[in-house]
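I have placed the structure first, in the form of structure tokens, so that the comments after it can refer back to it.
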Amino acid sequence: MNVLHPPFVHFVIALPVAALFSQLTYLATHEKIYAKAATRILAFSLLVSLFAVFSGFADAEKILSDQSILQNGLNVLNAHKIFGIIIVGILFVTTLITWFSASKESQPLKRLSLIFIILTIVATLYQGNNGGSLVYQYSGGISDAIISQRADAIKSEDKSTEALKK
């Protein structure tokens with residue numbers, strides 16, 4: 001299965017962390033270039049998050065049509081879709097606040113920007129954890145043939161372990 005979603009989401013998770021360091025540097029040094037960098041990093045993350053959402057919908061469609069996924073995984077998948085859209089909204093608001101913070105020189109806006117960047121990081125880490133559980137707990141995105149091969153390998157290992165115990 002050829003999936004597009006994972007490469008995009010790694011950027012959406014990592015870029016806000018880079019923006020956080022840039023914003024913290026701005027707060028420490030009051031050099032406006034760091035605020036502008038944080039804004040640009042967040043804007044790029046917002047753009048990539050759109051690709052992540054669209055590729056996620058496409059990959060989810062492939063998973064649901066071509067492969068087996070455990071029943072509880074369907075609930076996690078649906079929640080993952082909805083929260084992905086919410087994260088795009090959070091990133092949009094965070095980018096706007098950071099941009100206003102850089103252009104207005106307002107201390108409360110600087111702090112609010114920092115809080116929203118941290119909120120974005122927490123939300124994307126939570127979302128990434130749910131996405132990982134879709135793959136590792138519920139077998140989403142893993143070919144049925146590979147799952148069968150792994151199950152057969154585990155059965156043969158169990159048989160050889162039992163034979164050794166006897």
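The values are calculated or read from the model by the stated rules, or taken from the named source; none is laboratory data. Remember, predicted model here, so these are calculated numbers, not experimental data. Counting neighbours? That spans all protein chains shown, and the Cβs are built from the backbone with ideal geometry, glycine included.
Remarks
- Only one of the numbered conditions (1) in contact (Cβ under 8 Å) with a residue 24 or more places away in the chain; (2) farther than 19 Å from Arg111 by Cβ is violated by Gln23, and that is (2).
- Of all residues in the range 1-15, those satisfying the criterion of being in a helix (DSSP H, G or I) and among the β-branched types (Val, Ile, Thr) are Val9, Val12, Ile13.
- For Leu70, the stated conditions do not hold, so it cannot be described as of a type outside the set (Phe, Trp, Tyr) and modelled with pLDDT of 95 or more.
- Residues of the range 26-50 classified as out of contact with any Lys or Arg (no Cβ under 8 Å at 6 or more places or on another chain), among the hydroxyl-bearing types (Ser, Thr, Tyr) and in contact (Cβ under 8 Å) with a residue 40 or more places away in the chain, total: 3
- Among the residues making up the range 112-128, those that are more than 20 Å from Arg40 (Cβ to Cβ) and either in contact with a Lys or Arg (Cβ under 6 Å, 6 or more places away or on another chain) or not aliphatic (A, V, I, L, M) (or both) are Tyr126, Gln127, Gly128.
- Matching option when the condition is surrounded by 15 or more Cβ atoms within 10 Å (Cβ to Cβ) and over 14 Å from Leu42 (Cα atoms), among Gly84, Gly132: Gly84
- Test: Val76 is under 16 Å from Leu134 (Cα atoms), part of a helix (DSSP H, G or I), free of Cβ contacts under 8 Å to residues at least 60 places away in the same chain and β-branched (Val, Ile, Thr): no
- Selected residue (criterion: farthest from the chain's Cα centre (by Cα)) from residues of the range 103-118 that are among the polar types (S, T, N, Q) and closer than 14 Å to Tyr34 by Cα: Ser103
- Answer from Val9, Val53 - the residue that is without any contact (Cβ under 8 Å) to a residue 60 or more places away in the chain, more than 30 Å from Gln107 (Cβ to Cβ) and β-branched (Val, Ile, Thr): Val53
- Just one of the listed residues (Ser55, Ser65) is exposed (fewer than 15 other Cβ atoms within 10 Å of the Cβ), at pLDDT below 95 and part of a helix (DSSP H, G or I), namely Ser65.
Every residue, every condition in (1) surrounded by fewer than 22 Cβ atoms within 10 Å (Cβ to Cβ); (2) of a type in the set (D, E, K, R); (3) not in a helix (DSSP H, G or I), yes or no:
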| residue | (1), (2), (3) |
| --- | --- |
| Val17 | yes, no, no |
| Tyr26 | no, no, no |
| Lys36 | yes, yes, no |
| His80 | yes, no, no |
| Ile90 | yes, no, no |
| Ser101 | no, no, no |
